[in-house]
Amino acid sequence: MKYIFKKFVVLILVTFAASLHLSVYSQDNVHLVETNELNLSVSVGFGGLENPLIDAKNTLLPVIPHLSYYGDKWYIEDFSIGYSLIEEPGLIIDLFTDFNEDGFFFELNGLENFFITSQIPSGPGKNGGLPSYAKPIERKVSYLAGVSILIPNEFATLKFSHLRDISGVHNGYETHISLSKVYSLFSGDLALELGAKSKDDKIANYYYMVRPGEFLTRISSYSINTIYNSHMKLAYWRKITNDWALDLQLTRTRLDSELAATPFIKQQYYYSGFIGFHYRF
Amino acid sequence: MQIYKMLILLMLVAAPGYAKQRQPLDLRTSPTTCIYEPADAFCEFDLNINFDTSDYDELCLEIPQHPKFTQCFNNKNRVSKRLHFQTISNITIKVVDPKAQKIVAKKTVTVGQYQQKSYRVKRRFGWSL
């Protein structure tokens, strides 16, 4: 897995480096937002998050609220807060915060209180549909802070970020790298993204190492090294009126083989997505 | 015959009033708008005001935003004024008939600051689902 991950990251970097000579920065491959204006909006339609955990339920997302605000230096994007150290046409360096996603697999019931209206079974687990857990698995959602480097380019936008847990849940580190490209299609924007995330052993073991008494069956003890997940994302956005837009997103995530082999995970790949309409207040 | 008399009477009563109907006062002001740069503290301009008093015995020019500016004109056919302003708010120019205690014309000079929209790169495209 590490070899595949390294090849994947090298592919992203080489592709991007090869493109650098093509042009200086333009407004391509980024989305611009007006500053000093609060953006409140909601996406209404059909969406969901496939939960790769064993015995877990998939989550339906018919309504997704959004909030964003960009000041001169600060910005807020839903639950992420950032401060720009450098923001130039070809280079953006931010300090920012964001949630770790692994915790949500375990604590989606908390999100349900906000906007998730229902959960549906995701099919039988590894033991053929019988319950796997002896008791509810308790893992906390963690909040991270770190630095990100964004390099927009006419060919694509390269993003690199490094984050650390600041919520005291596991004290682990994450590193993200992604390459995204935006195309104009049918008067809208089609965005494609390839990305990879590494999560250190503290994160991996906090969320995915079995603790005594959690499973009905006896599980041999194990530990997990740094895990490397990767994803492909496709998003389409088309403005219909001043207030309404078509909103489509689909992400396919591949979990690290070592992680997928743990008793917690029932499938190595999972999807998340949304199709519907976006309304801006 | 009665109707004919009544019509003549009505015409006699209405005719003097009709004859006294005035044309609306042609108040001309320039500029109509002043936009100042974000770096400037205020808008600075010369306001030109022109109107004709011939239909009135007396007319007064009032500008509430200009400190204590009220000036009345008698038997003067054409009024032409040039006033200097440094302001950040709209200017209202009123021409008042003091006998009738009525505003006969009113104009507003719109004053505003140029707001250049600025944009930043959006950090996220949709939710991180």
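What are the residues in the stretch A:206-221 that are open to solvent by 30 Å² or more (accessible area, probe 1.4 Å) and touching a Ser or Thr at 6+ places or on another chain (Cβ under 7 Å), if any?
A:Met209, A:Leu216
Scan the stretch A:91-111 for residues that are free of Cβ contacts under 8 Å to residues at least 12 places away in the same chain and either part of a helix (DSSP H, G or I) or surrounded by fewer than 16 Cβ atoms within 10 Å (Cβ to Cβ) (or both) and jot them down. Talk me through it step by step, then tell me what you get.
Here is the first cut: in the stretch A:91-111, the residues free of Cβ contacts under 8 Å to residues at least 12 places away in the same chain are A:101, A:109.
A:Asn109 - this is the single residue of the stretch A:91-111 that is free of Cβ contacts under 8 Å to residues at least 12 places away in the same chain and either part of a helix (DSSP H, G or I) or surrounded by fewer than 16 Cβ atoms within 10 Å (Cβ to Cβ) (or both).
With respect to B:Arg82, determine if the residue is within 14 Å of chain A (Cβ to nearest Cβ), in a strand (DSSP E or B), among the charged types (D, E, K, R) and within 24 Å of B:Glu37 (Cα to Cα). Break it down stepwise before answering.
Working: within 14 Å of chain A (Cβ to nearest Cβ): no; in a strand (DSSP E or B): yes; among the charged types (D, E, K, R): yes; within 24 Å of B:Glu37 (Cα to Cα): yes.
So B:Arg82 does not fit the description; no.
Kindly evaluate B:Val109 against the criterion of being among the hydrophobic types (A, V, I, L, M, F, W, C) and under 23 Å from B:Pro38 (Cβ atoms). First the steps, then the outcome.
Values: among the hydrophobic types (A, V, I, L, M, F, W, C): yes; under 23 Å from B:Pro38 (Cβ atoms): yes.
Here the answer is yes, as B:Val109 does meet what is asked.
Filter the stretch A:64-90 for residues that are within 10 Å of chain B (Cβ to nearest Cβ) and assigned to a loop (DSSP other than H, G, I, E, B) and give the result.
Correct list: A:Gly71, A:Asp72, A:Lys73, A:Asp78, A:Phe79, A:Pro89.
Applying the selection to the stretch A:261-275, what residues are small (Gly, Ala, Ser) and within 11 Å of another protein chain (Cβ to nearest Cβ)? Break it down stepwise before answering.
Step one: of the stretch A:261-275, the residues small (Gly, Ala, Ser) are A:261, A:272-273.
A:Ser272, A:Gly273 - these are the residues of the stretch A:261-275 that are small (Gly, Ala, Ser) and within 11 Å of another protein chain (Cβ to nearest Cβ).
In the stretch B:102-121, what residues are more than 14 Å from chain A (Cβ to nearest Cβ), open to solvent by 100 Å² or more (accessible area, probe 1.4 Å) and of a type in the set (Lys, Arg)?
B:Lys102, B:Lys106
Can you tell me which residue is most open to solvent (accessible area, probe 1.4 Å) among those in the stretch A:239-260 that are away from every other protein chain (no Cβ under 14 Å) and acidic (Asp, Glu)?
A:Asp243
Among (1) without any contact (Cβ under 8 Å) to a residue 40 or more places away in the chain; (2) polar (S, T, N, Q); (3) over 29 Å from A:Glu37 (Cα atoms); (4) surrounded by 13 or more Cβ atoms within 10 Å (Cβ to Cβ), there is one condition B:Asn75 misses while meeting the rest; what is its number?
(4)
Checking A:Leu53 against (1) modelled with pLDDT under 90; (2) more than 10 Å from every other protein chain (Cβ to nearest Cβ); (3) over 20 Å from the mean Cα position of the chain (by Cα), which test does it fail?
(3)
Consider B:Arg124 carefully, then state whether it is in contact with a strand residue (DSSP E or B) (Cβ under 8 Å, 6 or more places away or on another chain), open to solvent by 30 Å² or more (accessible area, probe 1.4 Å) and within 14 Å of chain A (Cβ to nearest Cβ). Please lay out each step first, then the result.
Values: in contact with a strand residue (DSSP E or B) (Cβ under 8 Å, 6 or more places away or on another chain): yes; open to solvent by 30 Å² or more (accessible area, probe 1.4 Å): yes; within 14 Å of chain A (Cβ to nearest Cβ): yes.
Yes, satisfied.
Which of (1) touching a residue at least 60 places away in the same chain (Cβ under 8 Å); (2) open to solvent by less than 50 Å² (accessible area, probe 1.4 Å) does A:Thr175 not meet, given it meets every other one?
Here A:Thr175 meets the rest and fails (1).
The values are calculated or read from the model by the stated rules, or taken from the named source; none is laboratory data. Computed from a prediction, not measured in an experiment: that's the story for all the values here. FYI the Cβ positions are ideal-geometry reconstructions off the backbone, even for glycines, and counts take in every protein chain you see. Ligands, DNA and RNA are excluded from the accessible area calculation, which covers all protein heavy atoms including side chains. Shrake-Rupley method; radii C 1.70, N 1.55, O 1.52, S 1.80 Å.
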